[in-house]
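Please read the structure below before turning to the comments.
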């Protein structure tokens, strides 16, 4: 074993979860980074009895993609490891091709991991990828979160995405593969300057001479990640002091909110929007800043599938009405991922949003102390056009509304990183 290989394994060792999972997934495209990762994990974890499962996503974007996936299957078979090929059946629909492919890849792999009881999925991102990401975020004038770039561990849809090679350069991994007689596939898209990352990669080669090195940029990412942790902790404390879940909405004490630093207020509102709208991707920074400014001035707005308003001494973040206008379930089933309506006599009924028209049929709704827009997006029991019950709006009629996602889940969402 070469000195370089020992050094890489030592860095990998520092990133290993403790205790080791019984089963780990490894995403392998066939490129040098993921192939090296597979060999390293096999070398380190197989003697520990950890089951390694390999997965390859065939995007179908190039004629050679199917044969390349089969090459990875052959590699896995040679190591005695199970391998699955996942196909992106839908394909791109215009717009940012690389971003669509990335989102599809993660979604397919997360589903694959969940189906096989795999809690940890290893990805072959390197220090070079991290540096490129930081530079791309700098070009967008990103804040702390953007400049913290890729985290080594992140939870997505119940699966832990694990990047154990963020401190390792691509050249080191290729030297390792050559030392063991390993081969890899060169993706021609890595030379296609239509893609931003390729252009950034070439620019980074030029910037090295000015001292803006891969190592410097990865250090920036590490520093920003530490700053992000501190800000997230402070936001979590602010949420515990100022925010509560009421009728499926987030209510933030307005006086306390006014005293928060802008970055903490931003993060608190963003967390409320993501939780309320159950969004995988947060709103962009510019519209978020506009929304924050509106709230500071006492004005409402809509953003990211959520409605924000200032009423009754609180900032309220609730569902946007049009986001759930067509959402229907049977009584007893979960509605809008957070409510369950329980009713003894529910024949020929379904659960829908109360809406403006339904709220007019609830004479006691003001006694709830809740703003009308919050109540309008709560569940109601309907039989055709007839309102049977709206328990959150004070028209229970023997019906009960149970909030499946509440205070505990909202505050736990701050730990999702």
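The values are calculated or read from the model by the stated rules, or taken from the named source; none is laboratory data. Just so it is clear, the structure is predicted and the values come from calculations on it, not from any experiment. Counting neighbours? That spans all protein chains shown, and the Cβs are built from the backbone with ideal geometry, glycine included.
Some observations on this one:
- Subset of region 280-291 (residues that are outside any loop (DSSP other than H, G, I, E, B) and either free of Cβ contacts under 8 Å to residues at least 60 places away in the same chain or closer than 26 Å to residue 158 by Cβ (or both)): 286, 287, 288, 289, 290, 291
- If you go through region 187-218 and keep only what is surrounded by fewer than 18 Cβ atoms within 10 Å (Cβ to Cβ) and closer than 26 Å to residue 108 by Cβ, you end up with 187, 188, 189, 190, 191, 192, 194, 195, 196, 197, 198.
- Of note, residue 152 satisfies the criterion of being touching a residue at least 60 places away in the same chain (Cβ under 8 Å) and in contact with a strand residue (DSSP E or B) (Cβ under 9 Å, 6 or more places away or on another chain).
- Of the residues making up region 79-94, at least one is under 25 Å from residue 182 (Cα atoms) and without any contact (Cβ under 8 Å) to a residue 12 or more places away in the chain.
- Any hit, region 341-348, residues being outside any helix (DSSP H, G or I), modelled with pLDDT of 95 or more, farther than 13 Å from residue 247 by Cα and touching a strand residue (DSSP E or B) at 6+ places or on another chain (Cβ under 9 Å): no
- Every residue from region 249-276 that is under 13 Å from residue 410 (Cα atoms) and either out of contact with any strand residue (DSSP E or B) (no Cβ under 6 Å at 6 or more places or on another chain) or surrounded by fewer than 19 Cβ atoms within 10 Å (Cβ to Cβ) (or both): 268, 269, 270, 271, 274, 275
- Residue check, residue 137 assigned by TED's automatic domain parsing to the domain that holds residue 20 and farther than 27 Å from residue 73 by Cα: yes
- Of all the numbered requirements in (1) touching a strand residue (DSSP E or B) at 6+ places or on another chain (Cβ under 9 Å); (2) modelled with pLDDT under 95, residue 355 misses one, and that requirement is (2).
- Residues being assigned to a loop (DSSP other than H, G, I, E, B), out of contact with any helix residue (DSSP H, G or I) (no Cβ under 8 Å at 6 or more places or on another chain) and surrounded by fewer than 14 Cβ atoms within 10 Å (Cβ to Cβ) - total across region 2-59: 5
- Residue match in region 292-312 (condition: part of a helix (DSSP H, G or I), out of contact with any helix residue (DSSP H, G or I) (no Cβ under 6 Å at 6 or more places or on another chain) and under 30 Å from residue 340 (Cα atoms)): no
- Just so you know, in region 148-178 the residues that are in a helix (DSSP H, G or I) and more than 18 Å from residue 201 (Cβ to Cβ) include one that is farthest from the chain's Cα centre (by Cα), and it is 178.
- In region 85-100, the qualifying residues are those that are in contact with a strand residue (DSSP E or B) (Cβ under 9 Å, 6 or more places away or on another chain) and surrounded by fewer than 18 Cβ atoms within 10 Å (Cβ to Cβ), and the one that is nearest to residue 124 (Cα to Cα) is 85.
- Scanning region 161-186 for residues that are surrounded by fewer than 16 Cβ atoms within 10 Å (Cβ to Cβ) and under 17 Å from residue 129 (Cα atoms) yields 171, 186.
Listed here are the residues, each with its yes/no results for (1) touching a helix residue (DSSP H, G or I) at 6+ places or on another chain (Cβ under 8 Å); (2) in a helix (DSSP H, G or I); (3) closer than 25 Å to residue 98 by Cα; (4) modelled with pLDDT under 90.
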{"residue": "185", "(1), (2), (3), (4)": "yes, no, yes, no"}
{"residue": "189", "(1), (2), (3), (4)": "yes, yes, yes, yes"}
{"residue": "199", "(1), (2), (3), (4)": "no, yes, yes, no"}
{"residue": "205", "(1), (2), (3), (4)": "no, yes, yes, yes"}
{"residue": "208", "(1), (2), (3), (4)": "yes, yes, no, yes"}
{"residue": "218", "(1), (2), (3), (4)": "yes, yes, yes, no"}
{"residue": "233", "(1), (2), (3), (4)": "no, yes, no, no"}
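- Pair list, Cβ < 6 Å and 6+ apart or interchain, from region 114-125 residues that are on the phi > 0 side of the Ramachandran plot and not assigned by TED's automatic domain parsing to the domain that holds residue 15 to residues that are buried (at least 19 other Cβ atoms within 10 Å of the Cβ) and at pLDDT 95 or above: none
Table: residues versus (1) within 20 Å of residue 174 (Cα to Cα); (2) at pLDDT 95 or above.
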| position | (1), (2) |
| --- | --- |
| 1 | yes, no |
| 6 | yes, no |
| 26 | yes, yes |
| 33 | yes, yes |
| 45 | no, yes |
| 76 | yes, yes |
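- Qualifying positions in region 391-412 - within 23 Å of residue 307 (Cβ to Cβ), within 33 Å of the chain's Cα centre (by Cα) and outside any helix (DSSP H, G or I): 401, 402, 403, 404, 405, 406
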